[in-house]
Amino acid sequence: MTIDLAALSDNVLPMVAFCIGIYFFTAIVRGIVEARWPAVCKNTSWKKILRTLPPLFGGVAAAVMYKYPFLCTLPSWGTRFIYGCFGGGIASFAYLIFKAVIQKYFGVKVEKGLGESDSPPPNQE
């Protein structure tokens with residue numbers, strides 16, 4: 001069995017770009033919401049909503065984007081929506097892996113609120 005790298009790049013690279021786009025769009029929406037309403041960061045339901053945003057954004061984006069390279073082979077908006085939800089799930093999963101690697105190997109807390117410091121509190125003597 002041989003793998004055609006040209007065909008692989010034709011299919012994989014647009015999907016990777018799509019997932020990165022979903023991640024950045026979700027990060028922008030998160031930054032705007034958390035900057036505008038700081039109390040939302042403390043709400044546990046906001047973290048649950050954040051988990052559903054990438055698949056939702058991916059599904060909606062794929063359903064309405066007819067000209068994107070990999071979506072031209074999907075015949076209906078429903079199949080593009082499911083494919084976009086899958087891409088959003090991949091983007092969300094990749095973020096969790098990236099976050100765990102950064103925290104493990106570099107000791108940096110990734111899940112901090114906007115404007116908070118990662119440095120330890122000063123010693124009170």
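At-a-glance table
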item: Candidate set from region 17-31 (those that are under 26 Å from Lys47 (Cβ atoms) and among the aliphatic types (A, V, I, L, M)); member that is surrounded by the fewest Cβ atoms within 10 Å (Cβ to Cβ); result: Ile28
item: Of residues in region 88-125 being exposed (fewer than 11 other Cβ atoms within 10 Å of the Cβ) and more than 25 Å from Pro38 (Cα to Cα), the one modelled with the lowest pLDDT; result: Glu125
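Yes/no per residue for (1) modelled with pLDDT of 80 or more; (2) of a type in the set (Asp, Glu); (3) under 24 Å from Phe98 (Cα atoms):
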position	(1), (2), (3)
Asp4	no, yes, no
Asn11	no, no, yes
Val29	yes, no, yes
Thr44	yes, no, yes
Gly58	yes, no, yes
Ser76	yes, no, no
Phe86	yes, no, yes
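A quick yes/no check of all residues on (1) part of a helix (DSSP H, G or I); (2) within 14 Å of Met15 (Cα to Cα); (3) touching a helix residue (DSSP H, G or I) at 6+ places or on another chain (Cβ under 8 Å):
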{"site": "Ala35", "(1), (2), (3)": "yes, no, no"}
{"site": "Val40", "(1), (2), (3)": "yes, no, yes"}
{"site": "Lys47", "(1), (2), (3)": "yes, no, no"}
{"site": "Leu53", "(1), (2), (3)": "yes, no, yes"}
{"site": "Phe57", "(1), (2), (3)": "yes, no, yes"}
{"site": "Ala62", "(1), (2), (3)": "yes, yes, yes"}
{"site": "Arg80", "(1), (2), (3)": "yes, yes, yes"}
{"site": "Phe86", "(1), (2), (3)": "yes, yes, yes"}
{"site": "Ala91", "(1), (2), (3)": "yes, yes, yes"}
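The values are calculated or read from the model by the stated rules, or taken from the named source; none is laboratory data. On a predicted model such as this, the values are computed, not experimentally measured, just so you know. As a convention, Cβ positions derive from the backbone with ideal geometry for all residues, glycine included, and neighbour counts pool all protein chains shown.
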